Structure formats: structure tokens, C-alpha cells
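A short worksheet on the structure shown next.
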Amino acid sequence: MKLSNKSSLKNFLDRKVKQYNRPDFIKDDPVCVPHAFSIKQDIEIAGFFAAIFAWGTRTTIISKSKQLMMLMDDSPYQFCRDHSSSDLKKLLAFRHRTFNTADLLYFISFLKFHYTKNSSLESAFFTKETSKHADNAVEQSLNFFYNYFFSLDDVPIRTHKHIACPQKKSTCKRLNMFLRWMVRTDLNGVDFGIWKKCSPARLICPVDVHVARVARGLSLLQRNSTDWQAAMELTHALRTLDKDDPVKYDFALFALGVIEKF
């Protein structure tokens, strides 16, 4: 698709954002999982798992995420913080693609560790140190989170593959999507905007093969590799369209690639 100039491209993408960034988008997207909750910590944990599980079909992602929430008695914060050894037994049969019991039990142990000392998962990403890096705050935050997440004893080697980070050149699509949910805010009610330590202007667009294909087709991305540098390049291009809220265009790029098969 050829658009004659930046203005026509912006108008086209703005129309797509308006079309998809609306409450009726929620029910068919993994963001519906945290929307089932009202307590901040429940939203964080439900959103975190839904984002981590976000590969494969959206129907399966939503189904497996809801199954896990049910196994946690639909009170994920209370479960992660206060569970007993016997409570963990009902999780032992849970699987999602390559995410297995060993992975889940480590995730639960990390969340218990973190919430014992912190009131929000936000501090696992954004600290005074990461906030010093205004130009690449999210890159610093994702690297910090990776190292912090795997700082406990007896980390299963296999679990490392489920948490991406820029220092390993990943696009970090799932974690960038989770950050979008937590940080972005507007009047449409899809994203939560419950984290305030990072400006929406600093977010990085979630990039997978579908978004990358659409972005290249619209000349928003030139890089051939779909990696962290591609995510940065695309986000830089999106900031020329809206410097304050570049990641709103994730709605447009995702929908064009997955829903409209652009």
C-alpha cells in the first residue's frame, strides 16, 4: 500500500487506531484477562501472565490465561503472596505450549518474593536508576527486570527463554505489550494507565512478524531483522507521527497484520 506522504500515512493510521482502540476490542484480545479484575495487583499479575502467554492464537492465549487465573481462585495477588505448598499442587498440571510447571512455579516464587517487599510490579521495571536514562528508559527497564527476575536461587535454566530482554537482541514484544497495557492511558478504556513512573512517550512499540511486515509495507521500518533495533527504529518512526503517544499505533499495526491480513 502506497501512501503519498507522512500526512496521509498519519491519517490512515489514526483512523485504524480509532477503529480498534475501543472497548469492543477488549473481549477478543488477551487484554481482556486483566480487565476481569479491579485490584491493581490482580491487574498486574493477570496482565503479566496474559502477556507472557501471548504467542499462538488469541483464543488459546485467553483460554489458558483464564484457566491459570481460575487455578489461583481468581485472586492472583492473594494467591501469589499467601499460597501454601499444598495450594501449589493444583498448578502442577498447567501447561501452555512450552511454558510448563517448572516455569510457572518459578514465576509464582518470584511474584511472592517481589510483592512481599513491594506494593506494585511497577518497581520491578522502573526504578530511580532506570529513570535516569530518559532516552532509553524502557530498554534499561527491561534489562533491569530480566536480571532482577532471575536473581532468585535455583532458577530453572529452561525458564530464561520466557523472559526477553534488549541485551539479548529480542524485540521484547510480549513485555512491551504488557508495558503498553500498564502505562498507556486514554479515554477509551483498553489500556489501564496504572503505572506512572514511565511516560507513554517513552514506550517501545511491540513488534512481532505481523507488525514488522505491516511496518515495512508502510515504509515505517527498513531493517530486515526483526529484533530490538527494529523495535527501536519503528518506534522512532511512530514518534514522528505522535511524539507523546507513539505506541497507540500498535492498535493499527497489529490489527492490519492479524485481523485485516494487510
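The values are calculated or read from the model by the stated rules, or taken from the named source; none is laboratory data. Since we're looking at a predicted model, the values are computed, not measured. Cβ placement follows ideal geometry from the backbone for every residue including glycine, while neighbour counts extend to all protein chains displayed. Only protein heavy atoms, including side chains, enter the accessible area calculation; ligands, DNA and RNA are left aside. Shrake-Rupley method; radii C 1.70, N 1.55, O 1.52, S 1.80 Å.
Numerical summary
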item: Selection count, the stretch 55-76, where residues are assigned to a loop (DSSP other than H, G, I, E, B), open to solvent by less than 40 Å² (accessible area, probe 1.4 Å) and farther than 20 Å from Phe110 by Cα; result: 0
item: Helices (runs of 4 or more DSSP H) wholly inside the stretch 156-262 that include at least 1 residues being of a type in the set (Gly, Ala, Ser) and crowded, with 18+ Cβ neighbours inside 10 Å; result: 209-217, 228-239, 249-254
item: Condition broken by Arg97, with the remaining ones in (1) touching a Ser or Thr at 6+ places or on another chain (Cβ under 6 Å); (2) open to solvent by 10 Å² or more (accessible area, probe 1.4 Å) satisfied; result: (1)
item: Residue match in the stretch 39-50 (condition: more than 25 Å from Ile259 (Cα to Cα) and out of contact with any helix residue (DSSP H, G or I) (no Cβ under 8 Å at 6 or more places or on another chain)); result: yes
item: From the options Lys168, Lys243, residue that is modelled with pLDDT of 95 or more and within 21 Å of Ala54 (Cα to Cα); result: Lys168
item: Any hit, the stretch 127-139, residues being part of a loop (DSSP other than H, G, I, E, B) and β-branched (Val, Ile, Thr); result: yes
item: Lys112 vs. criteria under 24 Å from His96 (Cβ atoms), touching a Pro at 6+ places or on another chain (Cβ under 8 Å) and among the basic types (Lys, Arg); result: no
